[in-house]
Amino acid sequence: MRVQDCNWMMIEQYLKTDDRAVLPIGCTEQHAYLSLSVDSIAAENVAIDAAAPLGVPVFPVIPFGHTPTFMAYPGTVSLRLDTLIAVARDTLDSLATHGFKRILIVNGHGGNSPIANFLGEWMADNPGVKVKFHNWWNSPKTWAKVMAIDPVASHASWMENFPITRIAGVTQPTHQRDTVDYAKLKLLNPQETRQYLGDGNFAGVYEKPDAVMAELWQVAVEETRGLIEGPW
C-alpha cells in the first residue's frame, strides 16, 4: 500500500501487526529521450507492485540522488554525498521512531550506492532495526534477465525504457549506441561528459517491444517481493 493513500491512524494500526516498510529512492537526471525521473519512477513502481500483495506500506520515493557528472544536462539535480547520507539517516530515524523495524530501500540509481555503506553504521546505532539496500535493476535475477534479452544494455538504453518512463509523443532513435568507454567517462567533467555522450545513452538500442519489457518488469517485481518477505 502506498503511504500517500493512508492517514496516520492507518499506519498506526498497521504497526500493531507488522513492522516492515519499503522506501524507494531514485534520482532526477538525464536519460536521453526518456523521462528525467526514470530512476525515481522505476524504483517507486517496482516497490509498489512488489509490496501490494503483502500489504506492506511503500513510502513516497526520494526523488533526488548523487549525479554530479550529469549536471551539464538541464533538469538534472544532484545532491552532495553528505546531503544524500543525511537525507537517508533522517528518513530512517523517522521510520524507526514510529516502530518500523524491517525496512527495504529500493534504489533506482547507481550513484546512491554510498547509502549501502552507511547502513552498517546506522544499524549499529539502531540495533533493533534491519535495513536492506536493493538495487532493483542489477540484482541477480533481474540482471540475468537483462542479459538474456540483450547483453548490450546500460544507462538510458532499452533496459530503462518502460511505458511508465517514456515521454508522450517522443520517438526513440532506431540505431544502436556503441558502448561508451567507462574508464574515460570517469575522468570527464560535466561539460566534457555531455560532449562525449551526446544524448546520454551509454550502450545499446533505445527500446524493445513492450511484451519483452513486461517480462523483465515481472522478474524485477518478484525479486523485490522476495526481499520484502524475507528472511530478515
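Here are a few things to note about the model shown:
- Just one of the listed residues (PRO53, PRO24) is more than 13 Å from the chain's Cα centre (by Cα) and not polar (S, T, N, Q), namely PRO53.
- Qualifying helices (runs of 4 or more DSSP H) (wholly inside the range 134-232; at least 1 residues being in contact (Cβ under 8 Å) with a residue 12 or more places away in the chain and touching a strand residue (DSSP E or B) at 6+ places or on another chain (Cβ under 6 Å)): 210-229
- Residue match in the range 96-106 (condition: out of contact with any Lys or Arg (no Cβ under 9 Å at 6 or more places or on another chain) and farther than 23 Å from ASN7 by Cα): no
- Counting the residues of the range 171-203 that are loosely packed, with under 11 Cβ neighbours inside 10 Å and either on the phi > 0 side of the Ramachandran plot or touching a Gly at 6+ places or on another chain (Cβ under 8 Å) (or both) gives 1.
- One residue from ILE48, ILE41 being part of a helix (DSSP H, G or I), touching a Gly at 6+ places or on another chain (Cβ under 8 Å) and hydrophobic (A, V, I, L, M, F, W, C): ILE41
- First in the range 26-55 and among the basic types (Lys, Arg), second anywhere and assigned to a strand (DSSP E or B), Cβ under 9 Å, 6 or more apart: none
- Only one of the listed residues (ALA211, ALA168, ALA156) is buried (at least 19 other Cβ atoms within 10 Å of the Cβ) and modelled with pLDDT of 95 or more. That residue is ALA156.
- Among (1) small (Gly, Ala, Ser); (2) touching a strand residue (DSSP E or B) at 6+ places or on another chain (Cβ under 6 Å); (3) more than 20 Å from ILE62 (Cβ to Cβ); (4) surrounded by fewer than 17 Cβ atoms within 10 Å (Cβ to Cβ), the one test that ALA116 misses: (3)
- Any hit, the range 80-89, residues being assigned to a loop (DSSP other than H, G, I, E, B), of a type in the set (D, E, K, R) and in contact (Cβ under 8 Å) with a residue 24 or more places away in the chain: no
- The set of residues in the range 104-125 being aliphatic (A, V, I, L, M), outside any helix (DSSP H, G or I) and in contact with a helix residue (DSSP H, G or I) (Cβ under 6 Å, 6 or more places away or on another chain) consists of LEU104, VAL106.
- When residues in the range 51-76 are screened for being assigned to a loop (DSSP other than H, G, I, E, B) and surrounded by 17 or more Cβ atoms within 10 Å (Cβ to Cβ), 11 of them pass.
The values are calculated or read from the model by the stated rules, or taken from the named source; none is laboratory data. No experiment lies behind these values; they were computed from the predicted model shown. Every residue, glycine as well, gets a Cβ built from its backbone with ideal geometry; the counts of neighbours run over all protein chains shown.
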